[in-house]
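Trainee: Before I ask anything, here is the structure I am working with.
The values are calculated or read from the model by the stated rules, or taken from the named source; none is laboratory data. From a predicted model like this one, the values you see are computed outputs, not experimental measurements. Every residue, glycine as well, gets a Cβ built from its backbone with ideal geometry; the counts of neighbours run over all protein chains shown. The area values use the complete protein model at the heavy-atom level, side chains included, leaving out ligands, DNA and RNA. Shrake-Rupley method; radii C 1.70, N 1.55, O 1.52, S 1.80 Å.
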Number of protein chains: 2
Amino acid sequence: MTSHTPVGRQLRPQGKLLQEDARRHHRSLLLQQLFREGPASRADLARASGLTRVTVSDLVGEMLADGFVTELGAPAGSRVGKPPTLVGLAADSHHIIGLDLSETDRMSGAVVNLAGTVLARHEVHVDGAEGEQAVELVQRLTSELVAMTERPVLGIGVGSPGIVDTAGTVIDAPNLAWQDTPLSARLAEAFDVPVYVANDANTAVLGEHTFGESGDGGLMVLRVGTGVGAGFVLGGSLLHGHLGAAGEIGHVVVDVAGELCACGRTGCLETLLSAPRLRRRVGEPGVDAPAVLSDVGTRLGEVLAPIVAALNLHEIVLSGPAELLDGPLLDAADRAIRERTMPISSTGLAVRTSKLGEDVVVVGAAVLVLSAELGVS
Amino acid sequence: MTSHTPVGRQLRPQGKLLQEDARRHHRSLLLQQLFREGPASRADLARASGLTRVTVSDLVGEMLADGFVTELGAPAGSRVGKPPTLVGLAADSHHIIGLDLSETDRMSGAVVNLAGTVLARHEVHVDGAEGEQAVELVQRLTSELVAMTERPVLGIGVGSPGIVDTAGTVIDAPNLAWQDTPLSARLAEAFDVPVYVANDANTAVLGEHTFGESGDGGLMVLRVGTGVGAGFVLGGSLLHGHLGAAGEIGHVVVDVAGELCACGRTGCLETLLSAPRLRRRVGEPGVDAPAVLSDVGTRLGEVLAPIVAALNLHEIVLSGPAELLDGPLLDAADRAIRERTMPISSTGLAVRTSKLGEDVVVVGAAVLVLSAELGVS
């Protein structure tokens, strides 16, 4: 008798399960296999998923009709008997529009295919647009991106600054003067496709989770830009937080005698780590830049140590300007975390920068759609 | 078109869903309703669950046969037409054995019914038992508890010190000299019922989640005893961590110039906060006990602030000696957290002590069984 502790699954059951839910789940199992492992025969898919050959054939037939998969012929080198037909994800059967609204001066977006490849990019300048004007700017950017693809659009994903609820309403984003702005509903109305909006750091962690070669353990992505924020995938799920504010660590006070912060208090992590402030400090004449970066890294490590110990994270990924983050800052943060936590907490931990660069939010926005619509990530 | 961000659910699909899984899920929906809201008619259950009357009647019939629910007759005051029959959880149809191995001098346990009521208690002295001897002691305690109930035993739940994997093997528990000790398998073999073993802080957070009147947001239970550890329920799931070490915050360094810790380093949170050390400090002649407790609370708040900001927790519950925790220490921790995080992080946060007292681990051990076997918590 093997009994497993109930971890990583909902403790309290929610909602009835329909026949349709099981079908969608099984379809996702097959798509996930093709998405991560590449083309496979129906027999391979049955083995990998544990589903019967009949169920697999049935679901593959449905997905062929919908266009999400395609038949690729026999694998090279099959010789004996009737060769199996490989099935693969039809990466360009549908496209996704991914938006990144986290920059202060511009809104950027991309047309992304089902394999996460960025096919086209486009951006618009913000030029001080706020409130309703900023919503209209997002609509214009989206519509210009939609015009850049001839494929059906599977959905629109948006990484927005600020606090965003699960229905895609931006509760508060000071830079864009958005308060309770129903961004998802507005875009869904305008474009008549599924729309998913999340905080930009939450979007980034999905991008890293899916396309950043991360493992399956706890992942934190720390975004360093004008602001500082984080996103978490824990136990295989995106963390939202009680009021949707998970990851808002930029305003944790690290030095009560520190610099004045935009939030009105002193010594927030952001006063040390935001890209503009850090760039200014290391650029001052006569400054020992590596020493400054190392010092900031140590302070960052001190903030991260309790988080690492609490969550037993597998990976911490820094995302932002490589010339600031990758080097003395990263090394010092890594060292401080290990000095301040038990070996069991830090042994399995990797601290690194993201290889996705600035694309992390747009591809993460695509993952919002991939995950919700196809169940793959 | 309403599209919800995929939070709080597995991003990557896992395992096929059987007809049997849907049936178990629906049964759990009904049991959860009876467990949390009390007796209800079949019509009430259909309304609350969204299941059809036919499905509900069928599942209730099955649960009546299994003994988990019972018919209670008509509610008082029904007058018109055929009165509905209420169905209720048969709390004493089965009993659960809950064990708490977290104390250094004794192992304690209880017979708990399906409603979480402790019906009988029993304990054994550890007397320096280690390794295999300690396993045998757990078996003796369990067998004496099993003898204290005449009901079928639904399962055995154990809150153990140390790092425990999801299969219930204790990877490392220095106090009991357990290393890779398959505690769950050993008990399952001896008693032939389902056995669930988790770290004692993880067990405690389940106890608080289910019986501690906590809400549905992120919950952290901080256990203060000989050691200091925490457990988390986030997004409705128990957090395990990459190597099963989630919540091990006792050895986060808070003061590099602090006291020597049992782990060989200096200034770990445990050197300030463990019950024996704290009791000794406030008991010293001439010491201003409230000032000491307040100072420790502030340091604790500084460690918790990054965790609160990262997770956007709803509740932090301190569990341990009330005379130490409830008062200046709690107040100072609460204040330090709020001073060091943004309002969005701390506004929805409650910091309090547990009303479950020392029972939190044994009832949490019962929740391990309730959750895994019946899907209720």
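Trainee: Does the stretch B:59-66 contain at least one residue that is modelled with pLDDT of 95 or more, open to solvent by less than 80 Å² (accessible area, probe 1.4 Å), under 21 Å from A:Ala22 (Cα atoms) and more than 9 Å from chain A (Cβ to nearest Cβ)?
Mentor: Yes, the stretch B:59-66 has at least one match.
Trainee: Consider only pairs whose beta carbons are under 6 Å apart and that are at least six residues apart or on different chains; among these, list those whose first residue lies in the stretch B:117-129 and is free of Cβ contacts under 8 Å to residues at least 40 places away in the same chain and among the acidic types (Asp, Glu) and whose second residue is part of a strand (DSSP E or B) and open to solvent by less than 60 Å² (accessible area, probe 1.4 Å).
Mentor: As it stands, the answer is B:Glu123/B:Ser108, since those pairs meet every condition given.
Trainee: Would you be able to tell me the number of residues in the stretch B:186-210 that are open to solvent by 20 Å² or more (accessible area, probe 1.4 Å), closer than 28 Å to B:Ala275 by Cα and over 9 Å from the mean Cα position of the chain (by Cα)?
Mentor: Looking only at that region, the number is 0.
Trainee: Could you check B:Leu51 against (1) away from chain A (no Cβ under 14 Å); (2) assigned to a loop (DSSP other than H, G, I, E, B); (3) touching a Lys or Arg at 6+ places or on another chain (Cβ under 8 Å) and say which number it fails?
Mentor: Checking B:Leu51 against (1) away from chain A (no Cβ under 14 Å); (2) assigned to a loop (DSSP other than H, G, I, E, B); (3) touching a Lys or Arg at 6+ places or on another chain (Cβ under 8 Å), the one that fails is (1).
Trainee: Identify, please: which residue in the stretch A:255-266 is facing chain B (nearest Cβ under 9 Å) and more than 15 Å from A:Thr226 (Cα to Cα) and is, among those, nearest to the chain's Cα centre (by Cα)?
Mentor: Only one residue tops the list, namely A:Arg265.
Trainee: Failed condition for B:His251, given (1) part of a helix (DSSP H, G or I); (2) buried (at least 24 other Cβ atoms within 10 Å of the Cβ), with all others met?
Mentor: (1)
Trainee: Here's another thing I want to ask about it. Please pick out the residue among A:Gly88, A:Gly50 that is touching a residue at least 40 places away in the same chain (Cβ under 8 Å) and in contact with a Gly (Cβ under 8 Å, 6 or more places away or on another chain).
Mentor: Going through A:Gly88, A:Gly50 in turn, just one is touching a residue at least 40 places away in the same chain (Cβ under 8 Å) and in contact with a Gly (Cβ under 8 Å, 6 or more places away or on another chain): A:Gly88.
Trainee: Another question, then. In the set A:Gly217, A:Gly229, which member is more than 8 Å from chain B (Cβ to nearest Cβ), open to solvent by 10 Å² or more (accessible area, probe 1.4 Å) and either without any contact (Cβ under 8 Å) to a residue 60 or more places away in the chain or in a loop (DSSP other than H, G, I, E, B) (or both)?
Mentor: Among A:Gly217, A:Gly229, only A:Gly229 is more than 8 Å from chain B (Cβ to nearest Cβ), open to solvent by 10 Å² or more (accessible area, probe 1.4 Å) and either without any contact (Cβ under 8 Å) to a residue 60 or more places away in the chain or in a loop (DSSP other than H, G, I, E, B) (or both).
Trainee: Only residues that are at pLDDT below 95 and within 20 Å of B:Gly168 (Cβ to Cβ): list them for the stretch B:195-237, please.
Mentor: B:Ser237
Trainee: Hey, which of the strands (runs of 3 or more DSSP E) in the stretch B:110-183, taking only ones fully inside, have at least 3 residues that are surrounded by fewer than 23 Cβ atoms within 10 Å (Cβ to Cβ) and out of contact with any Phe, Trp or Tyr (no Cβ under 6 Å at 6 or more places or on another chain)?
Mentor: B:118-125, B:170-173
Trainee: Taking the residues in the stretch B:16-28 that are touching a residue at least 24 places away in the same chain (Cβ under 8 Å) and open to solvent by less than 30 Å² (accessible area, probe 1.4 Å) as candidates, determine which candidate is farthest from the other protein chains (Cβ to nearest Cβ). Please lay out each step first, then the result.
Mentor: Looking only at the stretch B:16-28, we keep the residues that are touching a residue at least 24 places away in the same chain (Cβ under 8 Å), and these are B:23-28.
This time we only want the ones that are open to solvent by less than 30 Å² (accessible area, probe 1.4 Å), so: B:26, B:28.
Details: B:His26: 6, B:Ser28: 4 Å.
Checking each candidate, the answer is B:His26.
Trainee: Within the stretch A:287-336, can you find the residues that are of a type in the set (Asp, Glu) and closer than 27 Å to A:Asp216 by Cα?
Mentor: Matches in the stretch A:287-336: A:Glu302, A:Glu315, A:Asp326, A:Asp331, A:Asp334.
Trainee: In this structure, does B:Val361 turn out to be open to solvent by less than 40 Å² (accessible area, probe 1.4 Å), in a helix (DSSP H, G or I) and either of a type in the set (Lys, Arg) or away from every other protein chain (no Cβ under 14 Å) (or both)?
Mentor: Here the answer is yes, as B:Val361 does meet what is asked.
Trainee: Something else about it: With the structure loaded, tell me whether A:Val146 is in contact (Cβ under 8 Å) with a residue 24 or more places away in the chain and over 15 Å from the mean Cα position of the chain (by Cα) or whether it fails that test.
Mentor: Spelling it out, A:Val146 is indeed in contact (Cβ under 8 Å) with a residue 24 or more places away in the chain and over 15 Å from the mean Cα position of the chain (by Cα).
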